[in-house]
Structure formats: C-alpha cells, structure tokens
Amino acid sequence: MNIAIDLPTIWAFIIAFAVFMYVVMDGFDLGLGMLFPLFPAKEDRDVIMNSVAPVWDGNETWLVLGGGGLMAAFPLAYAVLMPALYTPMIAMLIGLIFRGVAFEFRWRTLQSDRNRWDTAFAGGSLLAALAQGIALGAILQGVPVAGRHYGGGWWDWLTPFSILTGLSIIAGYSLLGATWLVMKTEGDLRERAYHLSWRLLFATLAAIGTVSLATPFLQNGYAERWFAWPNVMLTAQVPLAVAIVTVLLIVNLKNRHDYRPFFLTLLLFALSYAGLGISMWPYVVPNSITIWQAAAPEKSLTFMLVGVAVLVPLILAYTSWAYWVFRGKVRAGSGYH
C-alpha cells in the first residue's frame with residue numbers, strides 16, 4: 001500500500017475524515033433514535049432527547065462537508081456513485097428530515113400527539129441508518145462503470161451483502177447510542193443502557209466479523225490488499241487492535257465505567273473504518289476509478305484546500321466548545337423545552 005502525498009491524496013483523506021466525523025458524531029444520535037421505543041416512559045424520552053439536543057444538528061455539518069467535498073474534489077466519482085445510490089440516498093434524506101422535524105415538533109405538541117412524533121423520530125433514525133449501511137455495502141460490492149458513467153441498473157444496490165452492511169450499521173449505531181446514554185444519564189435509565197450495551201456489543205462484534213469475512217470475497221483486489229505480502233504485516237494489526245479494544249470495552253462495561261465505553265466504541269468504529277480504507281485504497285469507486293482518475297484539476301483542488309484549511313479548524317473548535325459546555329450528566333426536568 002504505497003501512499004504518495006499529493007493533492008488528490010490529501011483531499012481523499014479530508015473527505016474520509018469528514019465522513020468518519022459524521023459517522024461517529026451523528027451515529028450515536030441515530031442510535032438514540034433507534035433505541036427510543038425501548039424507553040416508553042415520557043421522562044426517560046425527555047432525558048434522552050435533552051442529552052443530545054445541544055449538539056445533534058451541528059453533527060450533520062460533517063455530512064455536508066463530506067458530500068460536498070466529494071462532488072467538488074472528485075466530480076467523476078460523484079457522477080458515477082450518485083446514480084448508483086439514488087434510492088438509498090433519498091431514503092437517508094427522508095429519514096433525516098423526519099427525525100429533524102420530529103425532534104423539534106415533539107416539544108411543541110400536546111401529549112396525545114407526542115407519541116406520533118416519537119414514532120417519526122425512531123422511524124426516521126432507523127431509515128437513515130439502514131440507508132447509510134446499504135449505500136456502504138453497495139459501494140463495497142462494486143459499481144458498474146461504462147466509460148465515465150454509471151453502467152448498472154436501478155436496483156443493483158440491493159443485494160444480500162448491502163442488507164448485511166445495513167443491519168451492521170444499525171447494530172453499531174445502536175451501541176454508540178447505548179454507551180452515550182451510559183455516559184450522559186444516571187439512575188434506572190443508565191442501568192438499562194448498561195444492559196443494552198452488553199447485547200449490542202456482541203451484535204456489533206458479530207456484524208464486524210461477518211462483514212470482514214465477506215468483504216475479501218467480493219472482489220479479488222480486496223483479498224490482495226489484505227493478505228498479500230508484505231501488506232499483511234500492516235493489515236494484520238487491524239484485527240489485533242479490534243480484539244484489544246473489544247477486551248477493554250468488555251472490562252469497562254463489567255466495571256461499570258461511565259465514560260470509557262463510549263470512547264472505546266468510537267475507537268472500534270475507527271478501526272473498522274481503517275479496515276474499510278485498506279480495502280478500497282486507492283479507489284474511490286472500487287476497482288474502477290482511482291482517486292487520481294476522479295480528481296478535479298489541480299488548481300481547483302488547491303483553491304478549495306485553502307478554504308478547508310480555514311473551515312475545518314473552525315468546525316472542530318465550535319463543535320468541541322459545544323460538547324464541553326454541555327458536558328456532564330443530564331437529569332430529568334432540565335434541558336431543552
């Protein structure tokens with residue numbers, strides 16, 4: 001895996017960073033929505049909402065940066081991938097819209113109508129997470145390319161593998177949501193979140209293992225990048241690190257730590273994301289279009305890089321400040337109304 005540091009490579013890492021930030025920061029938010037039906041009491045749902053109210057909409061800034069950056073820096077890849085993923089992308093946007101509207105409206109309606117918005121919040125979160133996972137699976141399994149255009153059909157994205165990755169994302173996001181509740185709540189709500197974290201941890205590990213075993217058989221290039229010598233000396237460290245983080249996560253859940261399980265789950269996501277990068281590098285459309293083939297002109301990449309050099313630190317600064325200001329436990333009866 002040779003990595004040459006040039007403008008397309010820099011932009012590939014910028015977009016990968018933006019997507020990862022969205023996944024981990026909006027992932028626990030979507031996870032909370034999917035866990036919502038398991039906490040039917042109004043007081044518990046209010047606390048869950050208040051735990052994420054100050055930060056949830058800012059988390060999606062990274063989605064805009066990742067999607068917009070892909071279109072601007074790698075327009076050919078954007079032109080090929082979007083027609084292949086229209087259905088899951090539209091489903092994701094519908095889910096995010098339902099979730100966002102429900103988040104605001106549930107506080108402004110009568111109690112008799114609130115359950116409808118709670119259902120919309122949970123359903124929108126589930127739809128968005130499933131769509132994101134299916135889109136990931138569709139990209140990994142390969143997108144047919146004819147010249148400089150998408151060469152497949154309307155339903156090519158729907159396969160057993162894409163459904164597997166969709167369910168895997170649901171499990172992973174739900175684990176993030178459960179460990180977030182462990183960190184941010186107290187009392188009976190935290191206890192139930194602990195128990196959910198155990199179950200969701202093993203579901204997530206099963207999902208990681210299943211997807212990892214299936215991915216090398218999708219395309220010959222994946223197996224070569226993982227198992228060819230001397231690549232294997234580097235790639236073997238990823239499953240080893242996953243095993244170490246898993247043990248630490250189990251120990252910290254067993255010892256009932258509040259903060260460590262969430263951050264260890266984030267690390268588990270980071271390692272899984274690194275595995276995804278190993279599988280795809282240097283292709284932005286697997287085994288069809290490399291980052292250099294898809295890249296915009298050098299002058300465009302340079303111009304945009306100046307803007308990103310200013311914007312990304314600003315986004316990181318205000319995001320960090322928001323999380324710092326609203327740190328600590330969320331208690332019933334206080335918060336967003």
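Need a quick list: helices (runs of 4 or more DSSP H) entirely within the range 16-83 having at least 3 residues that are among the β-branched types (V, I, T).
42-52
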Exercise. Among the listed residues G123, G172, G153, which satisfies the condition of being farther than 18 Å from L276 by Cα, at pLDDT 90 or above and open to solvent by less than 50 Å² (accessible area, probe 1.4 Å)?
Worked result: G123
Exercise. Do any helices (runs of 4 or more DSSP H) lying entirely in the range 231-300 carry at least 3 residues that are open to solvent by 20 Å² or more (accessible area, probe 1.4 Å) and either aromatic (F, W, Y) or out of contact with any helix residue (DSSP H, G or I) (no Cβ under 6 Å at 6 or more places or on another chain) (or both), and which ones are they?
Worked result: 231-235, 237-254, 260-280
Problem set entry | The listed residue being assigned to a helix (DSSP H, G or I) and over 30 Å from V80 (Cβ atoms), out of A322, A309 | A322
For this session: Within the range 9-33, count every residue that is farther than 16 Å from L65 by Cα and either of a type in the set (S, T, N, Q) or surrounded by fewer than 23 Cβ atoms within 10 Å (Cβ to Cβ) (or both).
Result: 1
Exercise. Does any residue in the range 233-261 that is more than 15 Å from T204 (Cα to Cα) and free of Cβ contacts under 8 Å to residues at least 40 places away in the same chain come within less than 7 Å, Cβ to Cβ, of a residue that is in a helix (DSSP H, G or I) and of a type in the set (S, T, N, Q) six or more places away or on a different chain, and which pairs are these?
Worked result: R260/N252
Exercise. If you go through the range 77-88, how many residues are open to solvent by less than 40 Å² (accessible area, probe 1.4 Å) and within 29 Å of L316 (Cβ to Cβ)?
Worked result: 4
Problem set entry | Which listed residue, of R192, R260, R199, is among the basic types (K, R) and under 25 Å from A131 (Cβ atoms) | R199
Exercise. Quick one: would you say A309 is open to solvent by 30 Å² or more (accessible area, probe 1.4 Å) and over 20 Å from the mean Cα position of the chain (by Cα)?
Worked result: yes
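Only one of A122, A53, A41, A102 is in contact with a Pro (Cβ under 8 Å, 6 or more places away or on another chain) and over 29 Å from S288 (Cβ atoms). Can you tell me which?
On the way: A53 fails: in contact with a Pro (Cβ under 8 Å, 6 or more places away or on another chain); A41 fails: in contact with a Pro (Cβ under 8 Å, 6 or more places away or on another chain); A102 fails: in contact with a Pro (Cβ under 8 Å, 6 or more places away or on another chain).
A122 is the lone residue from the list that is in contact with a Pro (Cβ under 8 Å, 6 or more places away or on another chain) and over 29 Å from S288 (Cβ atoms).
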Problem set entry | Condition met for A91 (in contact with a helix residue (DSSP H, G or I) (Cβ under 7 Å, 6 or more places away or on another chain) and either open to solvent by 40 Å² or more (accessible area, probe 1.4 Å) or at pLDDT 90 or above (or both)) | yes
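The values are calculated or read from the model by the stated rules, or taken from the named source; none is laboratory data. Since this is a predicted model, take the numbers as computed values, not measurements. Because the Cβ atoms are built from the backbone with ideal geometry, glycine has one as well, and the counts that use them run over all protein chains shown. Side chains included, ligands, DNA and RNA excluded: accessible areas come from the protein's heavy atoms. Shrake-Rupley method; radii C 1.70, N 1.55, O 1.52, S 1.80 Å.
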